[in-house]
Amino acid sequence: MVEQNLPLQKSLAPEVAVALIDLAQLAQHAGSTTIEGLETVAGKMLGRLLVLCAAQRGAVLLGVDEHVHSEPTSAHHKTFRALALHGIDEEEAHALLTTFPSADSGVLPGPDLTCWLTYRLSIGEFMVESGQYFHDILSPQEIENLPSDGSSPVLARQPLHALLVLGWTAENDSECASVVERGHHLLPYVIDAVGAVIVGILLVERIHELEAARIRDALREMELLKAELLGTVSHELRSPLASIKGYAATLLRHERRISREERHQFLLAINEASDRLEIIIERLLEVSQLETGEVTIERFPLDMLYVAKEAIAAIEERISEQQPGRFVFKLSLEHEDGTPATGVPLILADQRRLREVMDNLLENAVKYSPGGGVIKVILHPVMQVQTTRMETSSSTNSAANGQQTMRIPRQMLEILVCDNGMGIPLEHLERIFDRFHRVDTRLTREVNGLGLGLTICKGIVEMHSGIIWAENRQNGKGSVFHVRLPIDEIPGM
């Protein structure tokens, strides 16, 4: 049998070599194409097989064949999908699967002596998701950790097969047998290359599926954020509006019955509610402007001691009217070694913007300290080590050219706002600066606010090339907010 095949192998070697080169190029192209281009790649792969085997019709079917060891039924084709078709439609290709036995190949002479050959190719272990088939890029550990309660879209890990279907129109049974035998002889030489193209197609499909899932998750998160935004904003707007409407309606209905003192109190309440509305609208606009880059800062030499004193005086005045004796504010200055100081270095910054940061941090400390207590503000210089990458070169060794990581110390002014409040759950520490994020506790649900104050603080600090973060106090009572701003050399000083 081997001696009979040798002359045929030698005469067909050039055809096989050309086909292998074309299929290798297709496999490379499949890995870099877009999801829209996969149909073209699959069509060219099938076309190359048809040319090699001199076939007129064909199909490449892909799927999990759950009926390999069973009698063929109408359900046999349901686990396969058409990857490429030429000269036949998908329904006809599926019909062929129910006609052929479950062997790896077969011949079906039709009324016009159309000969069909099927050739099965095992692609490997794949995961089945939502009726689609994609390459298994999950590790065994990840697969074991998948939930089995149906909450995961991944259904099962099963062997995936490709089924090549080739068709010829022959004049008689002898010619039919000849062309089928030729196909049987040629396909084993190129089947691995065909498999490489199919795997490339599946990988692109899987990447597209992952990207689509990521986009769906992002859209879902965006929708949740929108719903949370609408709910929060609606609540925050409704409260002051209800106050304004209620007091105004009372004044209009019972103007003559209400004393001058009561009218004055009603007007104060309306004025306070109007101020709250103004703050809400200003913060919404400011967050929008920070995200679109419309906010600018004007840098001038600034003494943060002055800004901190102003902010503390303002909140003390407000708190003394609403909650007299409940809070005590302490401001202290320190040297870098922690010893007391009488002043701190000047920085180049926007006074109005940093005052806003101080106001927000102090307001946050008061809101989340239900028991009152001492709120400390500490200012002191620190040395911040920053990591940068610098281009390096060597005149003696060209291989030394590249990038070098440099650790450069930079002097910063640190501002700490310490409270004795409820603290921050660890899972929320990284997210408290996100838009509209609020730690979900009974207290936070009772506290008014959009959850934008810390977001605004982060935006302003970063515009000054600074950093801001929060941590819980070591004694477990309260939190500490850190703000670090660069101490740049001030011209003329």
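Listed values, structure above:
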| item | result |
| --- | --- |
| Unsatisfied cross-links (Cα-Cα over 28 Å) in the set K309/K477; K245/K458; K330/K458 | K245/K458 |
| Difference of contour (0.36 nm per residue) and Cα-Cα distance, L210 to Q289 | 25.2 nm |
| Heavy-atom accessible area ranking, 1.4 Å probe, most first, across W469, W168 | W469, W168 |
| For A341, residues with placed amide H under 5 Å, excluding near neighbours | L333, E334, H335 |
| Segment 242-324: trypsin sites (Lys or Arg not before Pro) in DSSP loop, at most 10 other beta carbons within 10 Å | R256, R257 |
| Contact order relative to length of segment 301-378, as percent, for alpha carbon pairs under 8 angstrom and 6 or more apart | 48 percent |
| For segment 226-384, convex hull volume per residue from C-alpha positions, Å³ | 184 Å³ |
| Rounded, prolate or oblate (a/c below 1.5 giving rounded, otherwise prolate when a/b exceeds b/c) for segment 11-56 by Cα gyration tensor | oblate |
| Segment 205-307, relative contact order in percent, only Cα pairs under 8 angstrom and at least six apart counted | 25 percent |
| Contour minus Cα-Cα distance for A248 and E175 (0.36 nm per residue) | 16.4 nm |
| Amide hydrogen neighbours beyond the local backbone of R410, cut-off 5 Å, H modeled | Q384, V385, Q386 |
| Accessible area of T292 in the full protein assembly, 1.4 Å probe (Å², nearest 10) | 90 Å² |
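The values are calculated or read from the model by the stated rules, or taken from the named source; none is laboratory data. Remember, predicted model here, so these are calculated numbers, not experimental data. Cβ coordinates were reconstructed from backbone atoms using ideal geometry, including for glycine residues, and neighbour counts include every protein chain displayed. The accessibility values were calculated without ligands, DNA or RNA, using every heavy atom of the protein model including side chains. Shrake-Rupley method; radii C 1.70, N 1.55, O 1.52, S 1.80 Å.
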